[in-house]
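Enquirer: Sharing a structure here in structure tokens format.
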Amino acid sequence: MASGVAADVVFRARGLTRTYLMGEVEVHALAGVDLDLVRSELLVLLGPSGSGKSTLLNILGGLDVPTAGEVVYRDHVLTTADDRALTRYRREHVGFVFQFYNLIPSLTARENVALVTEIAADPMTPEEALGLVGLAARLDHFPAQLSGGEQQRVAIARAIAKRPDVLLCDEPTGALDSVTGVLVLEAIDRVNRELGTTTVVITHNVVVAAMADRVITLADGRITSVRPNATRRPPRDLEW
Amino acid sequence: MVGMVRALDRKLLRDLWRLKGQALAIGAVMAVGLAMFVAYFSTFTSLQRTQERYYERHRFADVFASVKRAPLSLATRLAAIPGVAQVDVRVVADVTLDLPGQPAPATGRLVSVPVPRAPMLNDLFLRRGRWMDVGRPDEVLASEAFALANGLGPGSTIPALINGRRRHLQVVGIALSPEYVYTVRPGEVIIDDRRFGVLWMGRQALGAAFDMEGGFNDVVLALSPGASEPAVIGHVDVVLRPYGGFGAIPRRLQMSNWSLTNELAQLRGFGMLVPLIFLVVAAFLLNVVLSRIVSVQREQIAALKALGYSRLELGWHYAKWSLVVGVGASVAGVAGGAWMGRGIIAMYNDFFRFPELLYRMPAGVALAGLAISLVASVGGAMGAVHRAVRLPPAEAMRPEPPAMFTRSLVERVGLAHVLGPAARMVVRNLERQPVRSATSVLGVACSAALLVLGLFFLDAITEMLRVQFDLVQRQDVTVTFVEPRGDAAVHELRRLPGVLDVEATRTVQVRLHVAQRSRQLLITGLVDTPRLQRVVDIGGRVMALPPAGLVLSRSLAEALGVEAGGSVTVEVLEGRRRTVRVPVTAIVDEYLGLSAYMRLEALRTLLREGRLVSGAHLLIDAREEAALYRRLEAMPAVAGVSSTHAMVENFVRQMDETMGVMIGFNVLFASIIAFGVVYNAARLSLSERGRDLASLRVLGYTRVEISTMLLGELAVVVVLAIPVGLVIGYGLAALVIGLFETEMYRFPVAVAPRTYAAAAVVTMGAALVSGLVVRRQLDHLDLVGVLKTRE
Ligand SMILES: Nc1ncnc2c1ncn2[C@@H]1O[C@H](COP(=O)(O)OP(=O)(O)OP(=O)(O)O)[C@@H](O)[C@H]1O
Ligand SMILES: [Mg+2]
């Protein structure tokens, strides 16, 4: 898969740099990242804390723009797009799982998912999406009534419910035990396989890397290794 | 799909519900501003409509003139003046009425009307009873206000002294005239319906009583469309001059109409400014609240943007929040305004006499109210919404960075040791967000300022009364003679029972001209160093009249466009009717009316007359008051007697009735605002600090300790805000007073300490109540819930 033809390249990133100016100090969150992502690929991003993983994911998802460099998604040049184009891009193509869930506290689980399904072209129902992450019984609970892991699963249901072309997950299993973690990863895996969704998963859990087509490691804002997996292990075989 | 309501709208509804207290508070502030706008404007339009219709239907005249005595044949000459459509000549005379149970005698203005009834200008509206019958000379119609104030009706009898003869006038009906919508006793500015009334009497009867069978002393004219009013007035004056014409005046300057016009102008000015202030405050509050909601929800906004919601959708989402408040406020405001408007109209009904003073709420005013409230709410929300949609979505991916704290100023200057940890947190919090703290202070200050604005009218009136009656008009009684008399008459008065001091005056009817402008009024001639009636400016400084020249009140000088050092042409409307140019030697700032003063001697020189007086001011012994009035009434030379005491009492009663209503509304509304502002400030800091405070509770702080931190902040804000608010309040008072100024009267910008104190106390009370409400919410802080989710 990693050697797919050029037509299958979904994302092409070149020379991505992102610096933050914190007073006198310049923080280089990304310092020259080149990356191609192909259709239906499942990529796992590893790297120590502060290495720039979330920054890269945000740029791919159209939430942030790099200080320098270029990102192209199919025929959209994300780096020159204006706010309106980026909004459309996110709305039509991207599913997000945030590192901090970011559920709307005043909406129930079902309503949080509905936020996305209401503006998507071909969504699942919120019930279906929540069923996929094992929360069919908690539809009408507010975030404050859910555990951290349950909130994270609502966030995942919200991301996959629109059947996105691109699924970007920032530590989707960070707060989960291994049984639930597997459940969540299976949902991601299923969306990736069945819908051909190009998927990026950030994780600190090296075990998770086994389910990927490719594993990329970041350190200090640079890619330090790209490692294709010969075979993808199904999430249910993972254990930690 | 989740039901019919979109998820984002559900969020809206739940946010609104969660913040219902704040939404209600802002809505109330806005509703209050709107209610005032709607009330004043609907009252204004109702009054204006009523006035227009009344004038039209009852053919209110265009030009008014009086004359000493002119032959009836002159009517044809007047009618022949180009531009004159109709002429009605009449007999008008002021007489003394001897109503039982009244300490000071009342004045009745007798106005002749045709009997049997025939069409006329200033046609009457007969409220009750019937027209006079032919051959019954004592039958009269009484003006409604006078009848109501004195309990008169058809069948009542009014003892009157007419041309020296005692007559018993029979009231056969109650009537109203467009000429007397607002009736004041001649020479006074304040309505006194008990002591001044209009009585309409048959032409023959009145003519006979004053030897005017073949003549008239008053004329009203209607102009044909397109006629030149100044030209007609000029003509009328020429025709009447040989017969002692007092100078014609246009409708604009006719007393009743002039007062009504002034009142309408005031209502319109007031109807604009005060609600505007309230609405600005409401918009400001809305902005503060929404920006804080937005800043609390920044991560939600970022997440929604990340999920693909556009700026427009999110902008609309937050704008709707304020629109809901705005729409709610405008419904309440328009309804409340209509209710208030009815109240105000009812009050005007006691003041201005119309056949029917109907209250109507014009659709335009209601719609304008709605539009204003929507603009205010959207305008108020704009900045906050703009900030909301501008948030970069990547923010959603990061928790809010811990705020930057520094050691506070108070600590830096070395006061740290006097502050406990709670106080230190309060101070740091306030200093950390100077803009936010300043807006809180400003918001609370505004409410204190509005309280000052609402209350200070009482002080202004009190101060005006003090200057007017303690310093200017110190006489107890003012006596006017039928004709100017030799000053021996003054000595005669001195011998009456209870008279302690007497001061002669000479007042003379004049018209003052400066270029194209003119005003008709009395010049008051005063003795060289008056003890009773003096010329005093609004600062309470007694002014010595210069030996020569005129001293004009500022409002008269402004009406004429003349300054000290200039000169006016005095057209004397009595006696030899000289026209003389007289220098204006000084201008005096006064509260009441248009006045012109001269030294008695200078005035006599101007009039080329001897030692004549037209009236006198008396200081009396209150115990002999009744006896004195009896003697005065019996004197044929005395035309009128007015009591300062009765005037003040009447004025205070009137102000209590009218101003009382307005001040009541103002204070009620200002209190609502005070509560709204302070409650919002408290609630907002609770929602912003809820997490911190919950964390502190988890760490083992007690409820009292965290309440102290939160409410300490509120207390500091309120303490800082009150002085600021009092200063702003004074400024607003000065602004509003400017609008209240008319030719008729102006008010001093006087704010008494008790007003400042009341404003401070109400603000602190509102703070206390808000503090208690928030305190209760703090006690029920859901520790786990707050810590678990990030808002
Ligand atoms: N808005 C910002 N302002 C300043 N610095 C930032 C900002 N966002 C990220 N950084 C810095 O950029 C670097 C990369 O951050 P990023 O969030 O991408 O790391 P990460 O690899 O996702 O780490 P983690 O595994 O802890 O989530 C960090 O040093 C971080 O402090
Ligand atoms: Mg991260």
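The values are calculated or read from the model by the stated rules, or taken from the named source; none is laboratory data. Note that the structure is predicted; figures quoted are calculated from it, not measured. Don't worry about glycine lacking a Cβ; one is built from the backbone with ideal geometry, like all the others, and counts go over all protein chains shown.
Enquirer: Inside region B:14-72, can you point out the residues that are out of contact with any helix residue (DSSP H, G or I) (no Cβ under 8 Å at 6 or more places or on another chain) and in a strand (DSSP E or B)?
Expert: Selection gives B:SER66 alone.
Enquirer: Okay, moving on. Being surrounded by fewer than 16 Cβ atoms within 10 Å (Cβ to Cβ) and of a type in the set (A, V, I, L, M, F, W, C) is true for just one of B:VAL5, B:VAL111, B:VAL84. Which residue is that?
Expert: Just a single option satisfies the conditions, and that option is B:VAL5.
Enquirer: Could you please give the count of residues in region A:149-170 that are within 10 Å of another protein chain (Cβ to nearest Cβ) and within 16 Å of ligand 1 (Cβ to nearest atom)?
Expert: Total satisfying the criteria: 3.
Enquirer: Let me ask you something else. B:ALA79 - would you say it is away from chain A (no Cβ under 14 Å) and modelled with pLDDT of 85 or more?
Expert: Considered against the rule, which asks whether it is away from chain A (no Cβ under 14 Å) and modelled with pLDDT of 85 or more, B:ALA79 comes out as yes.
Enquirer: Okay, moving on. For region A:164-187, give me each residue that is touching a residue at least 60 places away in the same chain (Cβ under 8 Å) and either away from ligand 2 (no atom under 16 Å from the Cβ) or farther than 16 Å from A:SER40 by Cβ (or both).
Expert: Selection gives A:PRO164, A:ASP165, A:VAL166, A:LEU167, A:ASP170, A:GLU171, A:PRO172, A:GLY174, A:SER178.
Enquirer: Another one. Do you know which of the residues in region B:315-344 that are crowded, with 23+ Cβ neighbours inside 10 Å and within 14 Å of chain A (Cβ to nearest Cβ) is nearest to B:LEU24 (Cα to Cα)?
Expert: So, considering only residues that are crowded, with 23+ Cβ neighbours inside 10 Å and within 14 Å of chain A (Cβ to nearest Cβ), the one nearest to B:LEU24 (Cα to Cα) is B:TRP321.
Enquirer: More than 16 Å from ligand 2 (Cβ to nearest atom) and touching a helix residue (DSSP H, G or I) at 6+ places or on another chain (Cβ under 9 Å), is that true of A:VAL116?
Expert: yes
Enquirer: Could I ask something else about it? Kindly check whether there is at least one residue in region A:44-52 that is modelled with pLDDT of 90 or more, closer than 28 Å to A:ALA120 by Cα and within 14 Å of ligand 1 (Cβ to nearest atom).
Expert: The answer is yes, given that some residue of region A:44-52 is modelled with pLDDT of 90 or more, closer than 28 Å to A:ALA120 by Cα and within 14 Å of ligand 1 (Cβ to nearest atom).
Enquirer: Within the set of pairs 6+ apart or on separate chains, which have a first residue in region A:91-120 that is more than 7 Å from every other protein chain (Cβ to nearest Cβ), a second that is polar (S, T, N, Q), and C-beta atoms under 6 Å apart?
Expert: A:TYR101/A:GLN151; A:TYR101/A:GLN152; A:LEU103/A:ASN112; A:LEU103/A:GLN151
Enquirer: From A:GLY61, A:GLY69, which residue is under 26 Å from A:PRO228 (Cβ atoms) and within 16 Å of ligand 2 (Cβ to nearest atom)?
Expert: Just a single option satisfies the conditions, and that option is A:GLY61.
Enquirer: Is there a residue in region A:82-94 that is within 14 Å of ligand 1 (Cβ to nearest atom), under 22 Å from A:GLU171 (Cα atoms) and crowded, with 23+ Cβ neighbours inside 10 Å?
Expert: Within region A:82-94, not a single residue is within 14 Å of ligand 1 (Cβ to nearest atom), under 22 Å from A:GLU171 (Cα atoms) and crowded, with 23+ Cβ neighbours inside 10 Å.
Enquirer: While we're on this one: Could you tell me which residue of region A:128-137 is nearest to the other protein chains (Cβ to nearest Cβ), considering only residues that are surrounded by fewer than 18 Cβ atoms within 10 Å (Cβ to Cβ) and assigned to a helix (DSSP H, G or I)?
Expert: A:GLU128
Enquirer: Follow-up question, since we're still on this one. Taking region A:189-240 as the region of interest, how many residues are within 15 Å of ligand 1 (Cβ to nearest atom) and charged (D, E, K, R)?
Expert: 2
Enquirer: Here's a follow-up. Please find, among B:LEU24, B:LEU97, B:LEU34, the residue that is modelled with pLDDT under 90 and either within 14 Å of chain A (Cβ to nearest Cβ) or under 30 Å from B:GLU633 (Cα atoms) (or both).
Expert: Every option except B:LEU97 fails the conditions.
Enquirer: Which residues, taken from region A:21-42, are within 22 Å of the chain's Cα centre (by Cα) and either at pLDDT below 90 or more than 9 Å from ligand 1 (Cβ to nearest atom) (or both)?
Expert: Within region A:21-42, A:ALA31, A:GLY32, A:VAL33, A:ASP34, A:LEU35, A:ASP36, A:LEU37, A:VAL38, A:ARG39, A:SER40, A:GLU41, A:LEU42 meet the criteria.
Enquirer: Give region B:427-485 a look and list any residue that's assigned to a strand (DSSP E or B) and β-branched (Val, Ile, Thr), or say none.
Expert: Passing the criteria: B:VAL477, B:THR478, B:VAL479, B:THR480, B:VAL482.
A quick yes/no check of all residues on (1) in contact with a His (Cβ under 9 Å, 6 or more places away or on another chain); (2) over 17 Å from B:LEU314 (Cα atoms); (3) not hydrophobic (A, V, I, L, M, F, W, C):
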site: A:ASP83; (1), (2), (3): no, no, yes
site: A:ARG91; (1), (2), (3): no, no, yes
site: A:ALA109; (1), (2), (3): yes, yes, no
site: A:ALA120; (1), (2), (3): no, no, no
site: A:MET124; (1), (2), (3): no, yes, no
site: A:GLU127; (1), (2), (3): no, yes, yes
site: A:GLY134; (1), (2), (3): no, yes, yes
site: A:LEU139; (1), (2), (3): no, yes, no
site: A:ALA144; (1), (2), (3): no, yes, no
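Enquirer: Let me ask something else. Mind listing just one residue for me: the one in region B:544-575 that is assigned to a strand (DSSP E or B), among the hydrophobic types (A, V, I, L, M, F, W, C) and under 29 Å from the mean Cα position of the chain (by Cα) and, of those, surrounded by the most Cβ atoms within 10 Å (Cβ to Cβ)?
Expert: B:LEU552
Enquirer: Here is a follow-up. Evaluate region A:62-73: report whether one residue or more is free of Cβ contacts under 8 Å to residues at least 24 places away in the same chain and away from ligand 1 (no atom under 12 Å from the Cβ).
Expert: Yes, region A:62-73 contains a residue that is free of Cβ contacts under 8 Å to residues at least 24 places away in the same chain and away from ligand 1 (no atom under 12 Å from the Cβ).
Enquirer: Residue check: is B:ARG541 exposed (fewer than 15 other Cβ atoms within 10 Å of the Cβ) and more than 25 Å from B:SER643 (Cβ to Cβ)?
Expert: yes
Enquirer: In region A:21-61, which residues are in contact with a strand residue (DSSP E or B) (Cβ under 6 Å, 6 or more places away or on another chain), part of a loop (DSSP other than H, G, I, E, B) and either of a type outside the set (S, T, N, Q) or crowded, with 23+ Cβ neighbours inside 10 Å (or both)?
Expert: A:ARG39, A:GLU41, A:GLY47, A:GLY52, A:GLY61
Enquirer: Condition first: of a type outside the set (Asp, Glu), more than 9 Å from every other protein chain (Cβ to nearest Cβ), over 14 Å from B:ALA303 (Cα atoms) and in a helix (DSSP H, G or I). Can you find one or more residues in region A:62-84 that meet it?
Expert: Among the residues of region A:62-84, not one is of a type outside the set (Asp, Glu), more than 9 Å from every other protein chain (Cβ to nearest Cβ), over 14 Å from B:ALA303 (Cα atoms) and in a helix (DSSP H, G or I), which makes the answer no.
Enquirer: Working only within region B:600-619, note down all residues that are assigned to a strand (DSSP E or B) and in contact with a Ser or Thr (Cβ under 9 Å, 6 or more places away or on another chain).
Expert: Correct list: B:VAL613, B:SER614, B:GLY615, B:ALA616, B:HIS617, B:LEU618.
Enquirer: Spot the failing condition for A:VAL97; the list is (1) among the aliphatic types (A, V, I, L, M); (2) away from ligand 1 (no atom under 16 Å from the Cβ); (3) out of contact with any Ser or Thr (no Cβ under 9 Å at 6 or more places or on another chain), and only one is missed.
Expert: Single failed check for A:VAL97: (2).
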